[in-house]
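A short worksheet on the structure shown next.
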Amino acid sequence: MQVEEAKKHAKSPKEAVEAIKAITNILPDVAIVLGSGVSALTDLIDSQTISFQDIFGVSPTVAGHAGSVSVGKLAQNKNVNVAVFRGRFHVYEGHDWSVVTLPTRLIHAWGVKELIVTNAAGGINQSFNVGDLMLLSGFRDFISEKARQDIVEELKKSPEPCQSELSKQILQVSKNLCEQTKEFRPLAQGVYAGFTGPSYETLAEIAVALKLECDAVGMSTVPELLTAKELGLSAAAISVITNVWKEDVSIHGHEEVLEASKAASKRLDMLFSSLLANKK
Ligand code: HPA
């Protein structure tokens, strides 16, 4: 489907809820959105997988994004239902803001209480390593129409904070995991700058992000977090740092991003499993 067609075919949040409820009567407690090549929670039990096409009337167009939702439980805790969204819609695909934010609006309209958003991002904080997981302490919007139309106003603002109860729980779970196993690296924390893409940031954009004390850059997540705030949905976000920007080091492409995501995905899986195992 052409991206211009997508808006015409996209369902409303209410229609999307009707579509998903026609397939599963499970109401998830938590929704988790997985970004580029980020794979976690692949072994849900009693699960059903539904394509984005069937829910939203639209599919993502990016490699590494399957475009499906799995609804199920963790074997370790059958009291908690989770919906795992594999893939998302991006502004750089040409999608309208209403399409990019449709999954978040569906999650809210469905009655899900908590949202965790993940993404692949480039580290600009020089203390970061490839494969680090960064819990967002805040974000900067270079993506929304409003921010792009009035970038000077946007630059004057402080970063939008991400300090939900959910973020605190994630931090606590990561601390416990660090004590329990050497396999888990401490969670980094930082500010995420969301640019439109689809190409990686220019040096000028990196310079601006560094000046604004951002720690990582990417092309997603900001629409979800702005929408969650608008709807009063509790949200947290985690970046998988798939590359770290250094002077004189060549820029990596999508293949390497997918590779680095895989190694970090294992730690992300541990984090989510432990978080969900301790809920309720
Ligand atoms: N920039 C933007 N998006 C990304 C990057 C990056 O460096 N790495 C992975 N996704």
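Quick note: the coordinates plus some simple rules give every number you see, no bench work behind them. Everything numeric here is computed off the predicted structure, so don't read it as measured data. Cβ: placed from backbone, ideal geometry, glycine included. Neighbour counts: every protein chain shown.
Name the residue, out of Asn243, Asn119, Asn25, whose mean-square fluctuation peaks in a Gaussian network model built on the chain with Cα pairs under 10 Å.
Asn25
In percent, how large is the relative contact order of the range 3-277, given Cα pairs closer than 8 Å and 6 or more residues apart?
After rounding, I find 26 percent.
For the chain, with a Gaussian network of springs between Cα atoms less than 10 Å apart, report the residue from Ser239, Ser265, Ser158 with the top mean-square fluctuation.
Ranking Ser239, Ser265, Ser158 by mean-square fluctuation puts Ser158 first.
Among Thr118, Ile107, Val82, pick out the residue whose Cα is farthest towards the positive end of the charge dipole of the range 1-149, where Lys and Arg carry +1 and Asp and Glu carry -1 on C-beta, about the Cα centre.
Ile107
Please work out the Cα center distance from the range 81-107 to the range 193-208, rounded to the nearest Å.
Between the Cα centres of the range 81-107 and the range 193-208 lies a distance of 21 Å.
Taking a threshold of 27 Å on the Cα-Cα distance, which of the pairs Lys146/Lys168; Lys73/Lys175; Lys21/Lys78 fall above it?
Those over the limit are Lys146/Lys168.
From a point 7 Å beyond the Cα of Ala263 in the direction of its Cβ, which residues of the range 24-62 have a backbone N at a distance under 17 Å?
Residues 37-39 qualify, since their backbone N sits under 17 Å from the label point.
For Lys246, which lysines qualify as cross-link partners when the Cα separation must be under 16 Å and same-chain residues fewer than eight apart are set aside?
Lys211
How much length is gained on full extension from Ile151 to Gln172, taking 0.36 nm per residue of separation minus their Cα-Cα distance?
Between Ile151 and Gln172, full extension yields an extra 4.0 nm.
Tell me the Kirkwood hydrodynamic radius of the range 3-277 in angstroms, computed as one over the mean inverse distance between distinct C-alpha pairs.
18.7
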